[in-house]
Amino acid sequence: MIGRPRRTLVLGGARSGKSRHAEQLVARARRVEYVACGLPADGSDPEWDGRIALHRDRRRASWRTVETVDLGAVLGRPGPPVLVDCLSTWLARVMDDCGVWSDAAGADARLDAAVDALVTAWEGTRRRVVAVSNEVGSGVVPATASGRRYRDELGILNTRIAAASQRVWLLTAGLPQRLR
């Protein structure tokens, strides 16, 4: 591939440096649309709020933060490079919104449709986009059915996004390895 890849996935475990690496991949851009997919800081979980603060403190003032799970809308509109942080929190929120955790009727179909829509938007975007996600399945098997379900769904999502990406990075102990 000649030139800069349009779609890049950055994978890694917790605290592996994946977000920092993704930020470095878009650092030369004057403007960046930073899409935060996790729950916003609200004071109810000081540890979560601290993680969000660390990420915010690293962002340049010229970067615009968007807190949303509607990644299709972001990827479908023109604009500067996009950094999505992260697909793991996006999936957790979408699984909740679809009713997966409450075994709501049609939850699996809604989840499948949401993942399909994201993959389609990812494949069709004209914007440069870098997405972060947690790599799963290399460690402890979750003790609960819901934990195993989430792990499996995230593995499937990561596989589909990686297949539609020009570049894929894996961070281990802060060391980036280019997989594609």
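The values are calculated or read from the model by the stated rules, or taken from the named source; none is laboratory data. Owing to the predicted nature of the structure, the values given are computational and were not obtained by experimental measurement. Every residue, glycine as well, gets a Cβ built from its backbone with ideal geometry; the counts of neighbours run over all protein chains shown. Side chains are part of the model used for accessible areas, which takes the heavy atoms of the whole protein and leaves out ligands, DNA and RNA. Shrake-Rupley method; radii C 1.70, N 1.55, O 1.52, S 1.80 Å.
Hey, among the residues in the stretch 1-19 that are open to solvent by 50 Å² or more (accessible area, probe 1.4 Å) and closer than 20 Å to residue 180 by Cβ, which one's farthest from the chain's Cα centre (by Cα)?
Here is the first cut: in the stretch 1-19, the residues open to solvent by 50 Å² or more (accessible area, probe 1.4 Å) are 1-4, 6, 14-15.
Filter once more, so that each one left must be closer than 20 Å to residue 180 by Cβ: 1-4, 6.
Details: 1: 24, 2: 25, 3: 23, 4: 20, 6: 16 Å.
Restricting to residues being open to solvent by 50 Å² or more (accessible area, probe 1.4 Å) and closer than 20 Å to residue 180 by Cβ, the top hit is 2.
Listed by first and then second residue, the pairs with beta-carbon distance under 8 Å, at least 6 apart or on different chains, first residue in the stretch 38-57 and outside any loop (DSSP other than H, G, I, E, B), second at pLDDT below 75, are 48/39; 48/41; 49/41; 52/40; 52/41; 53/41. Annotation note: Cβ proximity below 6 Å between a residue of the stretch 142-156 that is part of a helix (DSSP H, G or I) and a residue that is among the β-branched types (Val, Ile, Thr) (sequence gap 6+ or interchain) occurs for 151/136; 154/136; 155/136. Across the stretch 157-180, the number of residues qualifying as part of a helix (DSSP H, G or I) and either modelled with pLDDT under 95 or loosely packed, with under 14 Cβ neighbours inside 10 Å (or both) comes to 2.
Taken over the stretch 71-101, the residue count meeting the criterion of being part of a loop (DSSP other than H, G, I, E, B), among the small types (Gly, Ala, Ser), open to solvent by 40 Å² or more (accessible area, probe 1.4 Å) and out of contact with any Asp or Glu (no Cβ under 9 Å at 6 or more places or on another chain) is 0. Kindly evaluate residue 113 against the criterion of being under 20 Å from residue 4 (Cβ atoms) and in a helix (DSSP H, G or I). No. Applying the set (1) assigned to a strand (DSSP E or B); (2) free of Cβ contacts under 8 Å to residues at least 24 places away in the same chain to residue 132 leaves exactly one unmet item: (2).
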